[in-house]
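A short write-up of the structure that comes next.
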Amino acid sequence: MKATPQPGTAPSRRAFQLSGPTVRLDPRTHAVRGDLADVRLAEYVFAPHYAAPVLRTLRQATCLRVARERTSEVMADLDAGTRFEVLEVTGGLAWGLAAEQGLAGYVDADLLDEAA
């Protein structure tokens, strides 16, 4: 079995071979859901869709949430200037990876700027 990749460090590849079972990754520390996963994790998990991360920067401090609901658990407080790797934007929320913190979750999409 292959070692579990660290968030944001999986190698870049052009082709993958599915061999053996999918590795279970913690969705709090890896950008993987039942419907979508970070393309850098394609070697480790099967998902119906993969997305390449788009780097953005937080314009102001906010919290990183576990789920879409604004009342869901807060995993971390993110400072203004934090880099956020966006994988999906829907309903005003961005889902992705706060790589420096090693956490995947949801932030308000309106608070994201193009990366500097």
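The values are calculated or read from the model by the stated rules, or taken from the named source; none is laboratory data. Note that this is a predicted model, so its numbers are computed, not measured. Note: ideal-geometry Cβ built from the backbone for every residue, glycine included; neighbour counts use all protein chains shown. Note: accessible area is taken over every heavy atom of the protein model, side chains too, but ligands, DNA and RNA are not part of it. Shrake-Rupley method; radii C 1.70, N 1.55, O 1.52, S 1.80 Å.
Residues in region 41-116 average 51 Å² of solvent-accessible surface per residue, probe 1.4 Å, ligands and nucleic acids excluded. Return the carbon/sulfur percentage of the accessible area of region 51-116, one whole number, probe 1.4 Å, all protein chains in place. Answer for region 51-116 is 47 percent, counting heavy atoms of protein chains only. Restricting the calculation to Cα atoms, region 22-116 shows an Rg/Rh of 0.95 when the hydrodynamic-style radius is the Kirkwood one. Using a 1.4 Å probe on the protein heavy atoms only, what accessible surface does residue 113 show? Give it in Å² to the nearest 10. Per-residue accessible area (residue 113): approximately 60 Å². Summarising the label geometry, the points placed 7 Å from Cα in the beta-carbon direction at residue 71 and residue 49 lie 2.7 nm from one another.
At the residue level, residue 71 shows approximately 130 square angstrom of accessible surface with a 1.4 angstrom probe and all protein chains present. Ellipsoid fit via the Cα gyration tensor, region 32-86: semi-axes of 24, 15, 8 Å, each the root of five times an eigenvalue, largest first. Per-residue Karplus couplings for region 46-63, computed as 6.51 cos²θ - 1.76 cosθ + 1.60 with θ equal to phi - 60°, are listed in order as 9, 9, x, 9, 10, 10, 8, x, 10, 6, 9, 10, 6, 6, 8, 4, 7, 10 Hz, Gly and Pro entered as x.
Sites listed here are GluC sites (Glu not before Pro) in region 21-79 whose DSSP assignment is loop and whose Cβ has at most 12 other Cβ atoms within 10 Å: 69, 73. Among the trypsin sites (Lys or Arg not before Pro) within region 47-116, those in coil by DSSP and having at most 16 neighbouring Cβ atoms inside 10 Å are 59, 68, 70.
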